[in-house]
Structure formats: C-alpha cells, structure tokens
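Quick one: the structure is below, questions incoming.
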Amino acid sequence: MSDYEVKMIVLSTDNLDESIEFYSETLGFGLKFRDGAHFAALDGGAVTLALATKVDHPIHGQVVVGIKTADVDAAAKAIEESGGGIVQAPYDDAHERRAVVYDNKGNGLVFYSPLKK
C-alpha cells in the first residue's frame, strides 16, 4: 500500500454559493463543511469535492488533487527531485502541514497531514 492517499479534489470557483448549489442540486453531494465565502467541502464518497475561491485555492484556476501523507516534507522533496516544482514549500497552517507542488507535467497537487495535537 502507498504512503499517499488521494482524499480531495479542489475546484476553483468565483461564487461559492452558486457552486455549492450546483453540485448539491445537480449531483446530490451533501455539504460536509464550509469556511465562510471562500471554501466548502462536499461529500463525494471516498473523495471529498472541495470548492475554493482565490482566497483558499492553492492554485486558482486549476483542478488540484489533495493527497494525504504522513510526511509532507519528504513528499515535496520527492516531487522536486523527480522533475516537479514547488509552489509553496511545506508549512503549517491552523490544522495541518501542507505543501503545494506541481508534478512533472504541471498538474497541481497539495500534500497534507493533520497536525499532531
């Protein structure tokens, strides 16, 4: 089994309310949580569908894959060493350690790991 688990797909939006309504009414995805007018997580089954405005989107305008891992720093280093690039080096936010990277073809990825309490 891999040390990496795809847990989230992050889509860009310029109107969070409209996007929540679209995915809720069109596909029946339930709202898991919302952070103001900037971010929402919808229940997509095994993978969370996240909607984010420029304020909270890691690479606005792109679809970004959220990958959970125990070692964010090692993941970012491996990406860089394999021809990818670092958008935002590993850092801690209020809830998790994360890094924003591009793979070797320019696709956006966010590695994250919940902070230990």
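If you average 1/r over all unlike Cα pairs in the stretch 45-113 and invert the result, what Kirkwood radius do you get in angstrom?
Details: mean 1/r = 0.0815 Å⁻¹.
One over the average 1/r among Cα pairs gives 12.3 Å for the stretch 45-113.
Could I ask something else about it? Step through the table entries 68/105; 54/117; 32/54, compare each Cα-Cα distance with 22 Å, and write down the pairs that go over it.
Numbers: 68/105 20 Å; 54/117 29 Å; 32/54 20 Å.
Table pairs above 22 Å Cα-Cα are 54/117.
Quick check: the distance between the Cα centres of the stretch 69-96 and the stretch 2-49, to the nearest angstrom?
The two parts, judged by their Cα centres, are 23 Å apart.
Hey, another quick one. Taking every pair of distinct Cα atoms and averaging 1/r, then inverting, what Kirkwood hydrodynamic radius in Å comes out for the chain? Please list the in-between numbers first.
Working: mean 1/r = 0.0683 Å⁻¹.
One over the average 1/r among Cα pairs gives 14.6 Å for the chain.
Tell me, what % of the accessible area of the chain is carbon and sulfur with a 1.4 angstrom probe?
Details: 3570 of 7010 Å².
Carbon-and-sulfur percentage of accessible area, whole number: 51.
Rounding to the nearest 20 debye, state how big the charge dipole of the chain is about its Cα centre with +1 on each Lys and Arg Cβ and -1 on each Asp and Glu Cβ.
On the way: 11 positive and 18 negative charges, 52 e Å.
With only Lys, Arg, Asp and Glu charged at Cβ, the dipole is about 240 debye.
Mind giving me the nanometre distance, one decimal, between the label points for residue 78 and residue 26, set 7 Å out from Cα along Cα→Cβ?
With each label point 7 Å from Cα toward Cβ, the separation is 3.4 nm.
Please give, to one decimal in nm, the separation of the simple spin-label points placed at residue 95 and residue 15, each 7 Å out from Cα toward the Cβ.
About 2.6 nm separates the two model spin labels.
With a 1.4 Å probe and all protein chains left in place, how much accessible area per residue does the chain have, in Å²?
Details: 7010 Å² over 117 residues.
Per residue, the chain has 60 Å² of solvent-accessible surface.
Rank-order 86-96, 2-12 by packing density, defined as the average count of other C-beta atoms within 10 Å over each peptide's residues, highest first.
Details: 86-96: 12.4, 2-12: 14.7.
Put in order of decreasing packing, that is 2-12, 86-96.
Suppose a student asked you for the relative contact order of the stretch 1-87, using Cα pairs under 8 Å spaced at least 6 residues apart; what percent would you report? Please list the in-between numbers first.
Details: 136 pairs, mean separation 31.8, N = 87.
Across the stretch 1-87, relative contact order equals 37 percent.
Right, next: For a paramagnetic label modelled at 7 Å from the Cα of residue 62 toward its Cβ, which residues of the stretch 86-110 fall within the zone defined by backbone nitrogen distances under 11 Å?
Of the residues in the stretch 86-110, 86-88, 100-110 have backbone N under 11 Å from the label point off residue 62.
Would you rank 72, 65 by solvent-accessible area, highest first, keeping every protein chain in place and using a 1.4 Å probe?
Working: 72 5, 65 40 Å².
Most to least solvent-accessible, the answer reads 65, 72.
The values are calculated or read from the model by the stated rules, or taken from the named source; none is laboratory data. Quantities reported herein were computed from a predicted structural model and do not represent experimental measurements. Reconstructed Cβ throughout: ideal geometry from the backbone, glycine too, with neighbour counts over all protein chains shown. The area values use the complete protein model at the heavy-atom level, side chains included, leaving out ligands, DNA and RNA. Shrake-Rupley method; radii C 1.70, N 1.55, O 1.52, S 1.80 Å.
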